[in-house]
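Here the structure is laid out as structure tokens; the discussion comes afterwards.
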Amino acid sequence: MPTTRGWLVAAAGALLLVGGTLSQYQELALLGALAVLAVATAALAVGRPAAVTVTRSLPMGTRSSPGRSVRVHMSARNTGRRTLRISERVVGPDGGHDVTLPALPGNGTGGSDYWLQSHRRGLLELGPLSAGRSDPLGLARSVRVHGATDQVWIHPSWQYLKAIPVGNVADPDGEVDGARAGTLTFHTLRDYAPGDDLRHVHWRSSARLDRLVVREYVDTSQTRVCVLVDDRPTEDGAARLDEVAGAAASLLATGVRASLHCELRLVSGRGRDSSAGLPSLLDLLAEAEPTPGADLADALHLARTHSQGDTAILVSGGLDATDLRLFGQLGDRYSGLFAAAIGQRETPPAPDPVTLIQAGDAASFADRWNEAPWPR
């Protein structure tokens, strides 16, 4: 297919050919015809590249952190007889670019390593591989893409905190026990919420109360910490969300190390728990992006439909008094409510159930948090 240069040469040649013909200027018409013929010949000569088999591996794993280099090993085999130029497309939080790799000889194999480095939290997408060739004059180029794409999660920077405050000790006779839903001990009856298992509906009580209620079971050996990350757009965009994600990562890492059952929820809707370990939680923080339309009120309403817990922590880059008032209404579901305002200048008033910590970035948040006299 003609390149941009090729199309320009062909267009100029067509104009010269038409103008020379109409003016009976044979030399001008011949020059135009040669230009069009050159582009057509280049396109035919380039042809369609042969298929390439691609193998991509990440010897250092698919997870990294900002500023740390990631090594990618590429192995490819050219099934055709002509040499191909190959490159890899890389798209990440710092933007997209093409990584040029050594040419692949005809009927040959080749391998190459290249290094990537991202200075921001986010998701790197590697591939697909582009293989093609062009004519010496750059008039035509033919490219085919091969292989699948791979992802590398760049986790936010974090550090362990001194402690995570939890509420009441697990007690199946208490109203707030912080235990996660399980199948060991019957705890209470509660209203049905969308997504509940219909096998847990208590039909006798539902008939008596004229509404659906379900049996709730608890594992009394674990307390639960819910970290709610506000991914609504802010004035600083993704940069402020990077700091919010870093603060949330520190909280989750500390909770997982303390063997607490941790849940991570984004205001935009996605969520995970610590049953798959800390890396899975950090993956979701790496994927978080400012999401227009994310509604904090909806996220807090959803939090009310889940089983009661010990501690809920809201981490945000743009809190106001209304947000904190809505968050404070979770006081009947969680025995401890904490909010972290990261990067915002104004200090919103917090209602009595909520403990507010304000910090300029994730690092200063860790300092402020560690200064607080949390119970160990």
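None of the figures in this text is laboratory data; all of them are computed from the coordinates on show. Only a predicted model underlies this, so the values are computations on that prediction, with no experimental measurement involved. So basically every Cβ, Gly included, is an ideal-geometry build from the backbone, and we count neighbours across all protein chains shown.
Which residue fluctuates most in the GNM of the chain (Cα springs below 10 Å): Q24, Q358, Q159?
The residue that fluctuates most here is Q24.
State, to one decimal in nm, how far the label point of V18 lies from the label point of W203, with both points 7 Å from Cα in the Cβ direction.
Distance between label points: 8.0 nm.
For an R0 of 45 angstrom, estimate the FRET efficiency from the Cβ-Cβ distance between E289 and T79 and round to the nearest 0.05. Each step should come with its number before you reach the end.
Working: r = 39 Å, r/R0 = 0.87.
Step by step, r from the Cβ atoms, then E = 0.70.
Note down the magnitude of the dipole of the stretch 52-154 about its Cα centre, charges +1 on Lys and Arg C-beta and -1 on Asp and Glu C-beta and zero elsewhere, to the nearest 20 debye.
Values: 14 positive and 7 negative charges, 30 e Å.
Magnitude of the dipole: close to 140 debye.
Quick check on the chain: helices-only [θ] at 222 nm, where DSSP H runs of length 4 and up contribute -39,500 (n - 2.57) each and the sum goes over total residues. Nearest 500, please.
Mean residue ellipticity, 222 nm, calculated: -9000 deg cm²/dmol.
Per 10 Å bin, what percent of the C-alpha pairs of the stretch 4-46 does each bin hold, from zero upward?
Taking all Cα pairs of the stretch 4-46, the binned fractions are 36, 46, 16, 1 percent.
Could you check the spin-label model distance between L137 and S112? Points 7 Å from the Cα along Cα→Cβ, value in nm.
2.8
Which one of G106, P59, A131 is farthest out on the positive end of the charge dipole of the stretch 52-154, using unit charges on Cβ (Lys, Arg +1; Asp, Glu -1) and the Cα centre as origin?
Value computed over the given set: G106.
So what are the chain's ellipsoid semi-axes, whole angstrom, largest first, if each one is the square root of 5 times an eigenvalue of the alpha-carbon gyration tensor? Can you show the working numbers first?
Values: eigenvalues 693, 104, 97 Å².
Semi-axes, largest first: 59, 23, 22 Å.
What number comes out for the charge environment of V145, summing +1 per Lys or Arg and -1 per Asp or Glu over other residues with Cβ under 11 Å away?
On the way: positive: R89, R144; negative: E88.
So the surrounding residues net to +1.
Once you put a point 7 Å from the Cα of M1 and another 7 Å from the Cα of R68, both along the Cβ direction, what distance in nm separates them?
Label-label distance for M1 and R68, simple model: 3.9 nm.
Can you compute the equivalent ellipsoid semi-axes for the stretch 111-171, i.e. the square root of 5 times each eigenvalue of the Cα gyration tensor, sorted largest first and rounded to whole Å?
Values: eigenvalues 476, 37, 18 Å².
Semi-axes from the Cα gyration tensor: 49, 14, 9 Å.
When the chain is modelled as a GNM with alpha-carbon springs shorter than 10 Å, which of G237, G108, G271 fluctuates the most?
Judging by the Gaussian network model, the answer is G108.
If R₀ is 30 angstrom, what is the calculated FRET efficiency for the pair A372 and D94, using the beta carbon separation as r and rounding to 0.05? Show your work: numbers first, answer last.
On the way: r = 35 Å, r/R0 = 1.16.
In this case the efficiency is close to 0.30.
How high is the FRET efficiency from Q159 to T305, r the C-beta distance, R0 35 Å, rounded to 0.05? Can you show the working numbers first?
Details: r = 33 Å, r/R0 = 0.94.
Once rounded, the FRET efficiency stands at 0.60.
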